[in-house]
Amino acid sequence: AQESSANLSFGIDTFFLIWAAALMFFMQAGFAMLCAGSVRQKNVQNTMLKNLLDACGAAIGFWSFGFALAYGGDDDNHFINKQSYESSRTFVGDNYFFLMDFDHYAVWLFQFAFAATSATIVAGTLAERCQMTAYLMYSFLLTGFVYPVVVHSIWSGRGFLSPLGTDPLFGTGVLDFAGSGVVHLTGGCTALIATMILGPRKGRFYHERTGEVILKPQRVKGHSMSLQVLGTFILWFGWYGFNAGSTFTITGSAQAGSVASLAGVCTTLAGAAGCVTSLCFSTYRTERLTGEATFDLVYALNGCLSGL
């Protein structure tokens with residue numbers, strides 16, 4: 001009976017991880033719709049291909065090197081139970097390359113969805129001004145090396161910032177429940193660096209033909225608000241897998257299900273509060289500047305995503 005109960009718990013937790021990974025991977029569609037709606041119609045195909053390459057490059061990079069560098073050497077207690085254990089601090093992992101000697105495939109699938117999300121955050125930043133070959137190489141290198149180094153330092157039991165190893169930094173280590181720093185900050189910093197290299201889109205601050213400075217920066221409007229709204233709702237939906245799935249288990253303890261549920265509630269309230277706050281600020285600002293209150297959907301969508 002005890003063995004049957006353990007098998008049932010393992011099966012439920014495995015399905016839970018696969019379900020959460022599927023929700024997160026569906027966020028790729030959300031990013032694609034959001035980016036497609038935010039660019040000019042002539043660049044839609046280019047933007048959609050970039051989002052597709054994010055998923056493909058991330059899959060190959062994380063399968064071959066990324067997962068090994070991020071978690072190589074961690075044992076089952078870390079992956080399943082998040083227990084502390086004695087181990088030496090390392091810069092990167094040293095095994096599980098190409099998933100050799102690793103059979104918790106649901107864990108890899110879940111972590112791959114994280115990696116792909118970190119990579120695709122940059123897609124909107126590089127919209128309309130990046131060569132396709134360079135972007136594919138970026139997706140592969142970010143998920144194959146850059147992102148795994150950050151993951152190993154915080155989420156691996158052997159990382160120097162991890163709270164799970166012995167003698168953690170400042171007594172606590174770095175606590176990151178669902179990737180606000182590991183995933184989003186890594187993608188955001190990468191996007192910032194890429195933007196500094198590529199510069200703004202043509203016609204935004206400088207005239208497209210003469211190169212002269214435009215006194216009043218031009219807003220490059222997207223061609224479809226419908227796609228932007230659709231993308232935002234898909235991302236919000238996928239975020240439930242992102243946050244609630246970060247418990248890794250719903251059977252490991254009496255509190256596991258409660259924590260996952262609380263993460264879902266916080267996700268809902270964060271998106272709603274961000275949307276309303278941003279919209280109110282935008283409306284108040286335009287009313288003070290122009291004397292007429294207007295409701296800007298773009299501010300509402302960005303506020304929602306910022307809250308999430």
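The values are calculated or read from the model by the stated rules, or taken from the named source; none is laboratory data. The structure displayed is predicted, hence computed values, not measured ones. Here Cβ is always computed from backbone atoms with ideal geometry, including for glycine, and neighbour counts include all displayed protein chains. Only protein heavy atoms, including side chains, enter the accessible area calculation; ligands, DNA and RNA are left aside. Shrake-Rupley method; radii C 1.70, N 1.55, O 1.52, S 1.80 Å.
Checked against the criterion of being closer than 30 Å to Phe10 by Cα and either of a type in the set (Asp, Glu) or open to solvent by 60 Å² or more (accessible area, probe 1.4 Å) (or both), the candidates Ala260, Ala254 yield just one match: Ala254. Looking only at region 50-93, residues that are modelled with pLDDT of 85 or more, assigned to a helix (DSSP H, G or I) and not acidic (Asp, Glu) come to 21 in all. Working carefully through the options Cys280, Cys275, find the one that is within 20 Å of Thr232 (Cα to Cα) and within 20 Å of the chain's Cα centre (by Cα). None of the others qualify; the one that does is Cys275.
Touching a residue at least 24 places away in the same chain (Cβ under 8 Å) and either closer than 17 Å to Thr120 by Cα or touching a strand residue (DSSP E or B) at 6+ places or on another chain (Cβ under 8 Å) (or both): does that describe Phe31? Don't jump to the end; show me each part of the working.
Working: touching a residue at least 24 places away in the same chain (Cβ under 8 Å): yes; either closer than 17 Å to Thr120 by Cα or touching a strand residue (DSSP E or B) at 6+ places or on another chain (Cβ under 8 Å) (or both): yes.
When the stated conditions are applied, Phe31 passes them.
The set of residues in region 33-69 being open to solvent by less than 10 Å² (accessible area, probe 1.4 Å) and among the β-branched types (Val, Ile, Thr) consists of Val39, Thr47. Leu215 is checked against (1) open to solvent by less than 80 Å² (accessible area, probe 1.4 Å); (2) over 17 Å from Ala127 (Cβ atoms) and fails just one. What number does that condition carry? Just one mismatch for Leu215, condition (1).
From the list Leu185, Leu161, pick out the single residue that is open to solvent by 30 Å² or more (accessible area, probe 1.4 Å) and part of a loop (DSSP other than H, G, I, E, B).
Working: Leu185 fails: part of a loop (DSSP other than H, G, I, E, B).
Only one candidate passes the filter, namely Leu161.
Listed residues Gln111, Gln131; which is under 23 Å from Ala191 (Cα atoms), at pLDDT below 90 and among the polar types (S, T, N, Q)? Give the steps one after another, and end with the answer.
Numbers: Gln111 fails: at pLDDT below 90.
Criteria check complete, one pass: Gln131.
Being surrounded by fewer than 16 Cβ atoms within 10 Å (Cβ to Cβ) and either within 17 Å of Met27 (Cα to Cα) or of a type outside the set (D, E, K, R) (or both), is that true of even one residue in region 299-308?
Residues of region 299-308 that are surrounded by fewer than 16 Cβ atoms within 10 Å (Cβ to Cβ), as a first pass: 306.
Checking the rest, the ones that are also either within 17 Å of Met27 (Cα to Cα) or of a type outside the set (D, E, K, R) (or both) come to 306.
Yes, region 299-308 contains at least one residue that is surrounded by fewer than 16 Cβ atoms within 10 Å (Cβ to Cβ) and either within 17 Å of Met27 (Cα to Cα) or of a type outside the set (D, E, K, R) (or both).
Out of (1) modelled with pLDDT of 90 or more; (2) open to solvent by less than 70 Å² (accessible area, probe 1.4 Å); (3) under 14 Å from the mean Cα position of the chain (by Cα), the odd one out for Gly179 is which? Condition not satisfied by Gly179: (1).
Go over the candidates Thr290, Thr277, Thr286 one by one and state the one that is of a type outside the set (Gly, Ala, Ser) and open to solvent by less than 80 Å² (accessible area, probe 1.4 Å).
On the way: Thr290 fails: open to solvent by less than 80 Å² (accessible area, probe 1.4 Å); Thr277 fails: open to solvent by less than 80 Å² (accessible area, probe 1.4 Å).
Unique residue meeting the criteria: Thr286.
From the list Val174, Val220, Val183, the lone residue that is in contact (Cβ under 8 Å) with a residue 60 or more places away in the chain and closer than 19 Å to Ala70 by Cα is Val183.
Screening Ser224 with (1) under 30 Å from Arg129 (Cα atoms); (2) open to solvent by 60 Å² or more (accessible area, probe 1.4 Å); (3) not acidic (Asp, Glu) gives one miss only, at (2). In region 117-143, the residues that are touching a residue at least 12 places away in the same chain (Cβ under 8 Å) and in a helix (DSSP H, G or I) reach residues that are of a type in the set (D, E, K, R) and open to solvent by less than 10 Å² (accessible area, probe 1.4 Å) with C-beta atoms within less than 8 angstrom, at least six apart or across chains, in these pairs: Ala119/Asp54; Thr120/Asp54; Met132/Lys50; Tyr135/Lys50; Ser139/Asp54.
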